[in-house]
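Here is the structure we will look at.
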Amino acid sequence: MDNKGNRDQFTSGFGFVLASAGSAIGLGNIWRFPYMTGTNGGGAFVLLYLAIVLLVGATLLLVEFTIGRHGQANAVESYGKISKPFKWIGYLGVFISFPLLAYYAVVGGWTIYYSMQSALGKLTSVPADQMGAFFGGFIGLVTSPIIYLAIFLIFTLLIVARGVSGGIEKWSKILMPAMFVLLVILLVRSVTLPGAMEGVKWYLKPDFSKINGSVVVAALGQAFFSLSVGLSGMVTYGSYLSKKENLTTNTLTVVGFDTLIAILAGFVVFPAVFAFSMEPGGGPGLVFITLPQVFSKMPMGAFFSASFFLLLLFAALTSSISIMEVSISYFTESFNVSRRQMSWIYGIIVFVLAIPVSLSFGIWGDVSIFGKGIFDLYDYFCANLALPFCAFMCAILVGWVWGKDKAMAELTNNGTIDNWYIRIWFPLVKYVSPLVVGLILLNAIGVLKF
Ligand code: PHE
């Protein structure tokens with residue numbers, strides 16, 4: 001706890017919203033959401049996802065912020081201030097952050113490669129029907145994707161090493177809106193491609209026969225992954241927030257933007273998938289194959305493509321730093337180690353963990369553990385099991401251990417603020433979230449089948 005006296009803080013509530021939205025909005029929205037929707041049947045998955053976000057996603061995001069703001073310390077200590085035995089949720093968050101960042105960085109590396117290839121004009125000159133082969137050829141290589149993932153990790157750790165209130169707040173203010181504008185331009189191009197309407201229909205029309213247990217598990221995993229819930233990263237960010245800010249409005253803003261960006265990404269991807277006669281269930285490569293096809297059909301395609309992948313890289317970085325910050329804040333506040341040293345040590349460990357993930361798209365493509373490839377294993381463990389499990393325990397902690405009076409006092413700044421969401425929040429925490437998340441988790445581990 002030796003660095004505690006000079007803990008960094010966000011300079012304003014606005015800075016906090018930006019950083020939290022930065023954490024939430026990332027590859028999860030633009031890369032993961034479309035391919036999850038694609039492999040889980042389309043419109044019905046989207047509806048399920050929205051329902052989960054509204055019912056439990058927002059609730060548990062606010063739970064994390066509340067715990068952190070109350071604790072004003074790293075995740076482990078923040079849990080400890082409410083109940084000592086619950087500290088382990090924080091340790092678990094630190095543990096999960098390693099594999100989570102490992103596979104996140106692999107995809108982050110792909111975005112760096114794609115920005116460069118776009119800027120060189122190479123990407124948009126690949127014929128549409130060979131875009132899949134171009135992508136598969138790159139990720140299947142041994143060294144090149146590993147070098148790019150290393151670069152992504154170095155960017156991440158250099159930012160984290162400088163502390164929370166450094167350049168991130170300033171840059172987010174410019175780059176996040178730019179990203180949004182580009183997404184809208186892309187959307188217009190995509191939905192006006194010949195044959196695009198089929199994709200829009202597929203995306204919007206729910207086919208409920210597609211819903212089964214594993215689709216529900218995937219929707220829950222996607223909601224938590226996208227909102228950054230369950231890692232305790234948002235506990236950590238909440239701890240950098242001053243006691244004056246209104247937690248509920250900040251939470252709803254983050255949830256609103258995060259959801260909007262994901263839905264928009266679907267409107268870019270699926271019309272293009274159908275216009276170019278591709279399969280929506282194409283998996284992790286979906287965005288990297290469809291988007292360049294859309295760009296190649298636009299005037300100044302190379303320029304738009306390079307800008308887009310750069311912005312995506314930026315969005316990924318504002319997320320990856322939050323994954324890393326959970327652990328760095330814990331280690332630096334608990335042991336006598338500097339932020340800089342710790343960031344490098346952490347980065348190197350994650351790099352080692354990321355190598356098998358990268359190789360699983362090429363020479364280690366046949367390796368299967370518990371019936372899953374290495375990439376799927378990391379992803380399934382983090383998003384579908386670990387994040388929901390920790391979020392579930394947070395709900396138990398706040399709903400059943402901390403109790404209504406204390407939780408509400410923190411949430412309402414000691415009774416000085418009130419709104420409709422505050423009034424429904426506690427029952428959602430105490431009853432609805434444990435029930436919904438608990439049932440889905442039991443299904444994910446195979447105890448219950450629906
Ligand atoms: N929410 C981030 C994204 O959508 C990923 C993330 C998950 C970040 C969990 C922090 C914690 O890209």
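What follows is calculated from the coordinates using simple rules that are stated; it is not laboratory data. Nothing here was measured: the structure is a model prediction, and the numbers come from that model. Neighbour counts are summed over all protein chains in view; Cβ atoms, including those assigned to glycine, are modelled from backbone coordinates with ideal geometry.
On the basis of the beta-carbon distance and an R0 of 45 Å, Gln9 and Ala133 show a calculated FRET efficiency of 0.35. On the beta carbon distance between Ser214 and Met116, with R0 = 51 Å, the FRET formula returns roughly 0.90.
Computed from backbone phi with θ = phi - 60° and the Karplus coefficients 6.51, -1.76 and 1.60, the 3J(HN,Hα) list for the range 269-277 is 6, 5, x, 5, 4, 6, 4, 9, 6 Hz; x is used for glycine and proline. Approximating the spin labels as points 7 Å out from Cα along Cα→Cβ, the Ile363-to-Ile445 distance works out to 3.7 nm.
Maximal additional length on extending the Asn413-Ile174 stretch stands at 83.0 nm, based on 0.36 nm per residue less the C-alpha distance.
For the range 304-364, chymotrypsin sites (Phe, Trp or Tyr not before Pro) meeting the loop criterion (DSSP other than H, G, I, E, B) and having at most 15 other Cβ atoms within 10 Å: Phe335.
With a cut-off of 14 Å, note down the residues of the range 127-142 whose backbone N falls inside the zone around a label point 7 Å from the Cα of Glu279 toward its beta carbon. Only 132-133 pass the distance filter. The residue among Leu385, Val401, Gly415 whose Cα reaches farthest toward the positive pole of the charge dipole of the chain, with charges on the beta-carbon of Lys, Arg, Asp and Glu, is Gly415.
Distance from the Cα centroid of the range 388-428 to that of the range 308-373 is 31 Å (rounded to whole angstrom).
For the chain, the spherically averaged projection of the C-alpha convex hull amounts to 19.9 nm². Rounded to the nearest Hz, the phi-derived 3J(HN,Hα) couplings of the range 81-88 under the Karplus curve 6.51 cos²θ - 1.76 cosθ + 1.60 (θ = phi - 60°) are 5, 8, 7, 3, x, 8, 3, 5, where x marks glycine and proline. Projecting the alpha carbon convex hull of the range 190-294 along each direction and taking the average yields 8.7 nm². Peptide packing: for 109-120, 142-153, 401-412, the average count of neighbouring Cβ atoms within 10 Å per residue gives the ranking 109-120, 142-153, 401-412, highest mean first.
Using only Cα coordinates, the Kirkwood hydrodynamic radius of the range 222-378 works out to 19.0 Å. For the range 6-153, the orientation-averaged shadow of the C-alpha convex hull comes to 12.7 nm² (one quarter of the hull surface). Relative protection proxy for 18-26, 127-135, from highest mean packing down: 18-26, 127-135 (other beta-carbon atoms within 10 angstrom). Rounded if a/c is under 1.5, else prolate if a/b beats b/c, else oblate: with a ≥ b ≥ c from the C-alpha gyration tensor eigenvalues square-rooted, which is the range 110-158? Cα axes put the range 110-158 in the oblate bin.
Checking the cross-link pairs Lys87/Lys430; Lys210/Lys449; Lys244/Lys404 against a 24 Å limit on the alpha carbon distance flags no pair as lying beyond it.
Taking other C-beta atoms within 10 Å as the exposure proxy, Glu325, Glu245 rank Glu245, Glu325 from fewest upward. As a proxy for reagent exposure, ranking Arg340, Arg69, Arg423 by other Cβ atoms within 10 Å from fewest up yields Arg423, Arg340, Arg69. Projected label points at Lys243 and Met197, each 7 Å from Cα along the beta carbon direction, are separated by 6.0 nanometres. Stretched out straight at 0.36 nm per residue, the stretch from Leu204 to Thr143 would grow longer than its current Cα-Cα span by 17.9 nm.
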